[in-house]
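Notes follow once the structure below has been shown.
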Amino acid sequence: MAASPSSFVRSVFHRAAERIADDHFGVPAADWITAFKSVGCTLIVSATCLDEARKIEAAGIDMIVAQGWEAGGHRGMFDPALPDDQLGTMALTHMLVAHTSVPVIVACGIMDGAGIRAALDLGAVAAQLGTAFIACPESSADEAYRAALNGEGARHTVMTRAISGRPARCLANQFTKWAAGDRHDVPDYPIAYDPGKALNAAAKSAGESGFGAHWAGQGAPLHRAMPASSLVAKLWHEAGRPI
C-alpha cells in the first residue's frame, strides 16, 4: 500500500464523513451492500478468523475489523454454532494482513499506545479501542460497572452466552458464576437479552449489582480513568509517532 496507514484512514473517513456502516455478525446481504454503496457508505465487517475475512473480501467490503479472542463484548463470529478458533489478536491480524487485500483495523485487547503501534507494525491501518474508554467520565458505564472494572472480576474476564445468547466477553460477576460451564440452556440471541436485562434490573433494585452486562476485554486491568480527550492524547504520545 503506497499510502501510510494514518493517511489511508484519514482519507477513508474524510470521504465517508458520517456514512459508515459497521456489521459485527457477518456480511450483509448483497442488496444491502449495494444500497449502502449507492449512497457512498464505507462498509466495515468484523472477522474472527481467516475464513470469515475471505468472505468479507469476496463480498466487496471496504475494511475488516480483526477481532481477537481477547476482545470485550460480543464475539463477531458469523455462525456461533461452529467451532471457534479463538485466535489471539496479533496472530489474527498478521494472517488477515498477509492473506487478504482488504485494509485491516485491529479491535481487541489494546489498551495503550504500545498496543496501537504493535497493530500498525503488523500492517493494520488502524486500531479500535473500547475497554480502554469505559472508565472515562464520558462513557455511559454506571457506578456498578465502574466498580467492577476496578475489582477482581477485571482480572478474570469470561466468555459466556448466558447474558445475551451469543458468546461475549465480560467482567466476571454473579451472572457469569451462575452460568459457569454452560450447564444451562440459553435461548438464542437476542431472545436471551430481555430476561437478562430484567434479571439485572431486579437485582439492582435489591442492591445487587453482579448481574449486569459488564462487557470488557482481557486488558481491563490496564484501564485508566481520565477524560476521553486526555486518554486519546496519551495514546497518541505513547504510540511514539503520528498514527
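Just so you know, all these numbers are worked out from the coordinates, no wet-lab data involved. Keep in mind the model is a prediction, meaning the values are calculated, not measured. Don't worry about glycine lacking a Cβ; one is built from the backbone with ideal geometry, like all the others, and counts go over all protein chains shown.
Given only helices, namely DSSP H runs of n ≥ 4 each adding -39500 (n - 2.57), what is the per-residue ellipticity at 222 nm of the chain, to the nearest 500 deg cm²/dmol?
Counting only the DSSP helices, I get -10000 deg cm²/dmol.
In nm², what is the average projected area of the convex hull enclosing the Cα atoms of the range 48-118?
It is 4.7 nm².
Using a basic spin-label model with each label point 7 Å from the Cα along Cα→Cβ, how many nm lie between residue 230 and residue 39?
Between residue 230 and residue 39, the simple spin-label model gives 3.9 nm.
Need one number: % antiparallel among DSSP beta bridges in the range 59-196, to the nearest 5.
Values: 5 of 10 bridges.
Antiparallel: roughly 50 percent of the beta bridges in the range 59-196.
Using only Cα positions of the range 5-129, each an equal point scatterer, no hydration layer, compute I(q)/I(0) via Debye at q = 0.10, 0.11, 0.20, 0.21 Å⁻¹ and quote the log10 values to two decimals.
Taken in order of the listed q values, log10 I(q)/I(0) reads -0.28, -0.34, -1.14, -1.24.
What is the log10 of I(q)/I(0) for the chain, computed with the Debye formula using one identical point scatterer on each Cα and no solvent, at q = 0.12 Å⁻¹?
Debye output, listed in q order: -0.73.
Taking 8 Å as the Cα distance limit and 6 or more residues as the minimum spacing, I'd like the relative contact order of the range 5-129 as a percentage.
Relative contact order comes out at 24 percent.
Based on the mean of other Cβ atoms within 10 Å per residue, sort peptides 219-228, 49-58, 164-173 so the most packed one is first. Each step should come with its number before you reach the end.
Working: 219-228: 16.7, 49-58: 18.2, 164-173: 22.5.
Top to bottom by mean Cβ count within 10 Å: 164-173, 49-58, 219-228.
On alpha carbon coordinates alone, what is the Rg over Rh value for the range 143-220, Rh being the Kirkwood radius?
Reported Rg/Rh (Cα atoms, Kirkwood Rh): 0.94.
Please give, to one decimal in nm, the separation of the simple spin-label points placed at residue 51 and residue 31, each 7 Å out from Cα toward the Cβ.
Placing both labels 7 Å along Cα→Cβ, they lie 2.8 nm apart.
When only C-alpha pairs under 8 Å and at least 6 residues apart count, what is the relative contact order of the chain, in percent?
Relative contact order for the chain comes out at 19 percent.
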